[in-house]
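Asker: Have a look at this one.
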């Protein structure tokens, strides 16, 4: 007869809580977990795994990839996912949702293209400065759009975007 550790019991309770939110939780050999939601025919999927230091690393893999961060407990993972799902449900009400997802896919592709550029080619300093300037302009545009847009989610502050953000 096996005895479950309190950590394992807590994790099972957290998985049950995610299931109560409507998720399908897939256990991959007890160290990696996929948490899948279907929100109005839109897939929202998270992956988290146990790190060597007994913390958890969480990322969103659908509708687009985003590294969310490291957390000390499964309960923190559940709390972050709850808020994220609530934000997605809110965002999906926008008529611009699909365009937002398309832009995010383009930005993700841009990161991969840039990585291929510097891993496979010898880029001169002037060209890198041109790219850096263009990226700065996009970041300034994001900040400007934030300032003139109505805020729709107020239960928590944005993780990165705020008026004093520097890049």
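The values are calculated or read from the model by the stated rules, or taken from the named source; none is laboratory data. Given the structure is predicted, the values throughout are model-derived calculations rather than measurements. In this analysis, Cβ positions are derived from the backbone assuming ideal geometry, glycine residues included, and neighbour counts consider all displayed protein chains.
Asker: Condition first: modelled with pLDDT of 90 or more and under 13 Å from the mean Cα position of the chain (by Cα). Can you find one or more residues in region 26-34 that meet it?
Answerer: no
Asker: Let me ask something else about it. Can you spot a residue in region 20-28 that is assigned to a helix (DSSP H, G or I) and in contact (Cβ under 8 Å) with a residue 60 or more places away in the chain? Walk me through it before giving the result.
Answerer: So in region 20-28, the residues assigned to a helix (DSSP H, G or I) come out as 20.
Subset that is in contact (Cβ under 8 Å) with a residue 60 or more places away in the chain: none.
Within region 20-28, not a single residue is assigned to a helix (DSSP H, G or I) and in contact (Cβ under 8 Å) with a residue 60 or more places away in the chain.
Asker: Filter region 35-60 down to the residues that are free of Cβ contacts under 8 Å to residues at least 24 places away in the same chain and under 13 Å from the mean Cα position of the chain (by Cα), then identify the one that is farthest from residue 92 (Cα to Cα).
Answerer: 57
Asker: Given the conditions (1) within 30 Å of residue 31 (Cβ to Cβ); (2) in contact with a helix residue (DSSP H, G or I) (Cβ under 7 Å, 6 or more places away or on another chain); (3) in contact (Cβ under 8 Å) with a residue 24 or more places away in the chain, and given that residue 105 satisfies all but one, which numbered condition is not satisfied?
Answerer: (2)
Asker: Next question, about the same structure. Looking at this structure, is residue 13 in a loop (DSSP other than H, G, I, E, B) and modelled with pLDDT under 85? Talk me through it step by step, then tell me what you get.
Answerer: Working: in a loop (DSSP other than H, G, I, E, B): no; modelled with pLDDT under 85: yes.
So residue 13 does not fit the description; no.
Asker: Return yes when residue 38 is in the same structural domain as residue 15 (by TED's automatic domain parsing), at positive phi and loosely packed, with under 14 Cβ neighbours inside 10 Å and no when it is not. Explain how you work it out, then say what you get.
Answerer: On the way: in the same structural domain as residue 15 (by TED's automatic domain parsing): yes; at positive phi: no; loosely packed, with under 14 Cβ neighbours inside 10 Å: yes.
It is false that residue 38 is in the same structural domain as residue 15 (by TED's automatic domain parsing), at positive phi and loosely packed, with under 14 Cβ neighbours inside 10 Å.
Asker: Need the failing condition index for residue 58 against (1) surrounded by fewer than 13 Cβ atoms within 10 Å (Cβ to Cβ); (2) within 19 Å of residue 158 (Cα to Cα); (3) touching a strand residue (DSSP E or B) at 6+ places or on another chain (Cβ under 6 Å), just the number.
Answerer: The one condition residue 58 does not meet is (1).
Asker: In region 73-88, what residues are out of contact with any strand residue (DSSP E or B) (no Cβ under 8 Å at 6 or more places or on another chain) and without any contact (Cβ under 8 Å) to a residue 60 or more places away in the chain?
Answerer: Going residue by residue through region 73-88, those that are out of contact with any strand residue (DSSP E or B) (no Cβ under 8 Å at 6 or more places or on another chain) are 75, 78-79, 82-83, 86-87.
The one that is out of contact with any strand residue (DSSP E or B) (no Cβ under 8 Å at 6 or more places or on another chain) and without any contact (Cβ under 8 Å) to a residue 60 or more places away in the chain: 79.
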